[in-house]
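First comes the structure, then the notes that go with it.
The values are calculated or read from the model by the stated rules, or taken from the named source; none is laboratory data. These numbers were taken from a predicted model, which means no experiment stands behind them. Note: ideal-geometry Cβ built from the backbone for every residue, glycine included; neighbour counts use all protein chains shown. The area values use the complete protein model at the heavy-atom level, side chains included, leaving out ligands, DNA and RNA. Shrake-Rupley method; radii C 1.70, N 1.55, O 1.52, S 1.80 Å.
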Amino acid sequence: MTNRAYNFNAGPAALPLEVLQQAQQEFTDFAGAGMSIMEMSHRSSIFEEVNDGAQSLLRELFGIPGHYKILFLQGGASTQFAMIPMNLLTPGKTAAFVHTGSWAEKAYKEAKLFGSTAIAASSESDKFNRIPALSDIHIPADAAYLHITSNETIEGTQYAAYPDTGDVTLIGDMSSDILSRSVDVGKFGLIYAGAQKNLGPSGVTIVIAREDLVAESPKTIPTMLRYDTHVKNNSLYNTPPSFSIYLVGLMLKWVKERGGVAALEQFNRDKTKLIYDAIDTSGGFYRGFADMGSRSLMNITFRLATEELEKQFVKESEQAGFVGLKGHRSVGGLRASTYNAVPMESCKALAEFMAEFMKRNG
Ligand SMILES: *Cc1c(COP(=O)(O)O)cnc(C)c1O
């Protein structure tokens with residue numbers, strides 16, 4: 001048996017052991033080809049099957065309607081911060097953002113380079129410890145789209161429900177919670193996510209977009225940054241990140257074997273409850289950062305009374321086999337990332353460690 005850490009890394013993050021083992025098993029000889037998936041042409045029928053298989057499994061599991069395209073791109077979610085306004089922010093229109101924290105801000109700042117922008121709602125005055133009430137979101141009349149960050153990875157907040165935007169295109173950065181719960185994809189014009197938190201390794205970015213939005217890009221945009229290039233070529237315009245796409249496919253099979261997204265959502269709820277309960281029953285020893293109604297199932301952020309105690313927590317947790325519990329440098333405190341592949345066992349162990357740490361230091 002391999003020695004696996006209790007991995008709470010924020011991204012790249014834990015992958016299921018079964019997925020890694022399958023990749024290991026077929027690492028040097030994939031599908032009897034006498035070579036690894038990394039060594040074969042992306043135009044080969046074997047790779048085409050991997051590419052199409054991952055697409056159709058994602059469509060099935062996430063309930064993606066037929067009139068949506070699925071793209072596998074490179075450059076991370078961060079490149080989407082620019083590609084979205086380049087392709088979809090038409091002249092005379094405004095890109096509107098719900099400002100919920102660190103990642104929303106990056107998306108917003110990048111869009112500013114390309115045209116008019118507006119903040120439709122913000123929780124900055126509360127240090128981004130909550131998602132703004134949906135009724136407080138004011139979409140400008142000339143909005144090309146409204147951009148939301150479904151889960152703020154650094155602050156540990158997540159939308160409990162998505163805004164209804166009527167005729168205005170809703171765009172969601174789901175980098176840190178894609179496939180962790182059921183989503184009405186039809187509410188969105190475009191969803192994007194770097195794979196490395198919930199769907200696989202780094203190197204591939206998933207874009208799910210309504211056909212009509214990505215059919216024709218403005219002619220002045222460089223080839224690789226145009227959605228229509230990748231739509232017309234089934235994400236095979238140039239050499240794709242083939243190994244990453246293959247691993248995403250394995251991860252999707254794992255999700256299906258576990259019973260699909262609804263089962264995964266319940267699993268995520270059950271495992272995060274262990275840690276939130278440890279916070280809520282600590283009598284204030286542990287203090288959750290996010291407002292109750294905005295708590296994330298993916299990133300649990302909490303603090304201790306002093307930074308010194310937090311440092312001690314990190315140090316002792318590392319000695320006990322936990323990895324990745326230090327909060328992001330921009331907000332401090334502690335963070336446990338509990339993405340799809342993080343096992344129940346890790347969360348149980350963390351809840352126990354938290355209780356025991358409190359006993360010694362409370
Ligand atoms: C990690 C993350 C990103 C950045 O992803 P890259 O693939 O590293 O560019 C963007 N948005 C959110 C919500 C994230 O969690």
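Computed on the chain, with alpha-carbon pairs under 8 angstrom and 6+ residues apart, the relative contact order is 22 percent. Projecting the Cα atoms of ALA104, MET38, VAL314 onto the charge dipole of the chain, computed from C-beta unit charges around the Cα centre, puts VAL314 farthest toward the positive end. Taking a ≥ b ≥ c as the square roots of the eigenvalues of the Cα gyration tensor, segment 188-228 is classed as oblate, since a/c reaches at least 1.5 and a/b does not exceed b/c.
Across the accessible surface of the chain, with the other protein chains kept in place and a 1.4 Å probe, carbon and sulfur atoms take up 51 percent. Pairs LYS311/LYS348; LYS69/LYS273; LYS112/LYS219: which exceed 27 Å Cα-Cα? Where the Cα-Cα span goes over 27 Å, the pairs concerned are LYS69/LYS273.
Placing unit charges on the Cβ atoms of the charged side chains and taking the dipole of the chain about its Cα centre, the candidate lying farthest along the positive direction among ILE119, SER135, TYR246 is ILE119. Magnitude of the charge dipole for the chain, about its Cα centre and with charges confined to Cβ atoms of Lys, Arg (+1) and Asp, Glu (-1), is about 420 debye. For segment 186-223 versus segment 39-54, the inter-centroid distance based on Cα atoms is 20 Å. When Rg and Dmax are taken over the Cα atoms of segment 168-291, they come to 18.4, 59 Å. Under the criterion of Cα pairs below 8 Å and six or more residues apart, the relative contact order for segment 174-279 equals 26 percent. Placing +1 on the Cβ of every Lys and Arg and -1 on the Cβ of every Asp and Glu, with nothing else charged, gives segment 186-287 a dipole about its Cα centre of roughly 100 debye. Peptides 26-37, 323-334 ordered by packing proxy, namely the average of other Cβ atoms within 10 Å per residue, highest first: 323-334, 26-37.
Note on segment 259-361: dipole from Cβ charges, positive end direction compared against SER330, LEU350, VAL261; the farthest Cα belongs to SER330.
Between rounded, prolate and oblate, where does segment 259-361 land on the alpha carbon gyration tensor, with a ≥ b ≥ c its root eigenvalues, rounded for a/c under 1.5, else prolate if a/b exceeds b/c?
Note, shape of segment 259-361 comes out prolate.
When peptides 150-156, 224-230 are ranked by their average number of other Cβ atoms within 10 Å per residue, the highest-first order is 150-156, 224-230. Here, P(r) means the percent of Cα pairs in each 10 Å bin from 0 to the largest distance; for segment 321-362 it is 24, 50, 25, 1. Taken one residue at a time, the phi angles of segment 282-289 give Karplus couplings (6.51, -1.76, 1.60, θ = phi - 60°) of 8, x, x, 5, 9, 10, x, 7 Hz. Gly and Pro are set to x.
Pull out a ≥ b ≥ c, the square roots of the eigenvalues of the alpha-carbon gyration tensor of the chain, then state rounded if a/c is under 1.5, prolate if not and a/b is larger than b/c, and oblate in the remaining case. Oblate, since a/c reaches 1.5 and b/c is not below a/b.
Candidate membrane-span-like segments in the chain, meaning DSSP H helices with Cα atoms spread over at least 27 Å of their own axis and a Kyte-Doolittle mean of -1.0 or above, are 260-280, with no membrane implied.
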